[in-house]
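Student: First the structure, then my questions, so here it is.
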Amino acid sequence: MSTREPSRAVCPGSFDPATNGHLDIIGRASRLYDEIIVAVLVNESKHGLFSHIERMEMLAEVTKDLANVRVTSFEGLLVDFCRTEHVKVVVRGLRAVTDFDYELKMAQMNHGLSGLETLFMPTNPLYSFVSSSLIKDVAKWGGDVSAHVPESVAARLKQRLADRYPRGAGA
Ligand code: PNS
């Protein structure tokens, strides 16, 4: 009987916070690989709306039905994280051609650094305009983002923005 190594890929990102677009990519990737590691970048020099722990909690909640998905965090170079985790493939969503320039450079740099491969997955057109920063901006001014983020993320956003802007946005 032949045995093979389980196939694994990483879905890295800032996820501040996770959107339905992220979830779509993670879900589709989880059907292509035996194991998906969702890796949240820890960037101490950049203050996000949510801490990396909160981002991981939200991601764990919204991926809990995907048995082969694990959520963790990483600091430093993605290629070093992937080497430690024995992962050879990164999956990244491409929303539009405007994403391509930046993504191609990262993919080429990562490949040059360690041979890490990048698989680009076209985003579902339903989410092609959705980004975490747009979600935060709309939510901050009281706009409805419930169609673009999971319910639990929408609730956390509302709470966080109400705490941060008690007199206005998010209230
Ligand atoms: O969700 P984002 O912010 O588009 O994700 C970008 C991310 C986290 C994948 C990228 O910034 C990254 O891999 N950062 C880790 C540091 C690193 O490896 N930089 C060199 C990339 S070529």
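Since every read-out is calculated from the coordinates, none of them should be taken as a lab result. Everything numeric in this text was worked out from a predicted model, so none of it was measured. Positions of Cβ are backbone-derived with ideal geometry, glycine not excepted, and every protein chain shown enters the neighbour counts.
Student: Can you give the longest stretch of the chain with no exposed loop site, where a site means chymotrypsin sites (Phe, Trp or Tyr not before Pro) in a DSSP loop (not H, G, I, E or B) with at most 13 other C-beta atoms within 10 Å?
Tutor: Values: sites that count: 129, 141.
Result for the longest clean stretch: 1-128.
Student: Which translational diffusion coefficient, to the nearest whole µm²/s, is obtained for the stretch 92-148 from the Stokes-Einstein equation, given a Kirkwood hydrodynamic radius over C-alpha pairs, 10 °C and 1.306 mPa s? Kindly include the intermediate steps, with their values, before the conclusion.
Tutor: Numbers: Rh = 13.1 Å.
Value of D from the Cα-based Kirkwood radius: 122 µm²/s.
Student: Take the chain, connect every pair of alpha-carbon atoms lying under 10 Å apart with a spring to form a Gaussian network, then pick out the residue of 22, 111, 47 with the largest mean-square fluctuation.
Tutor: Maximum among the listed residues: 47.
Student: Could you pull out every one of the lysines with an alpha carbon less than 20 Å from that of residue 158, ignoring same-chain neighbours closer than 8 positions?
Tutor: List returned: 136, 140.
Student: Which value does Rg/Rh take for the stretch 32-171 over its C-alpha atoms, Rh per Kirkwood? It would help to have the intermediate numbers written out before the result.
Tutor: Numbers: Rg = 16.6 Å, Rh = 16.9 Å.
My calculation of the ratio gives 0.98.
Student: Taking θ = phi - 60°, what integer Hz values does the Karplus form 6.51 cos²θ - 1.76 cosθ + 1.60 yield along the stretch 10-18, in sequence order, with x for Gly and Pro?
Tutor: Result, rounded to whole Hz: 10, 10, x, x, 8, 6, 10, x, 5.
Student: With springs only between Cα atoms under 10 Å, which of 54, 85, 44 fluctuates most in a Gaussian network model of the chain?
Tutor: It is 44.
Student: Here is a follow-up. Helix 97-114 sits at what angle to the longest principal axis of the chain, using alpha carbons and giving 0 to 90 degrees rounded to 10?
Tutor: Its long axis makes an angle of about 40 degrees.
Student: Ok, one more. Could you work out the relative contact order of the chain? I mean the mean sequence separation of Cα pairs under 8 Å and 6+ apart, divided by the number of residues, in percent. Before the final figure, lay out each step's value.
Tutor: Values: 250 pairs, mean separation 42.6, N = 171.
The value is 25 percent.
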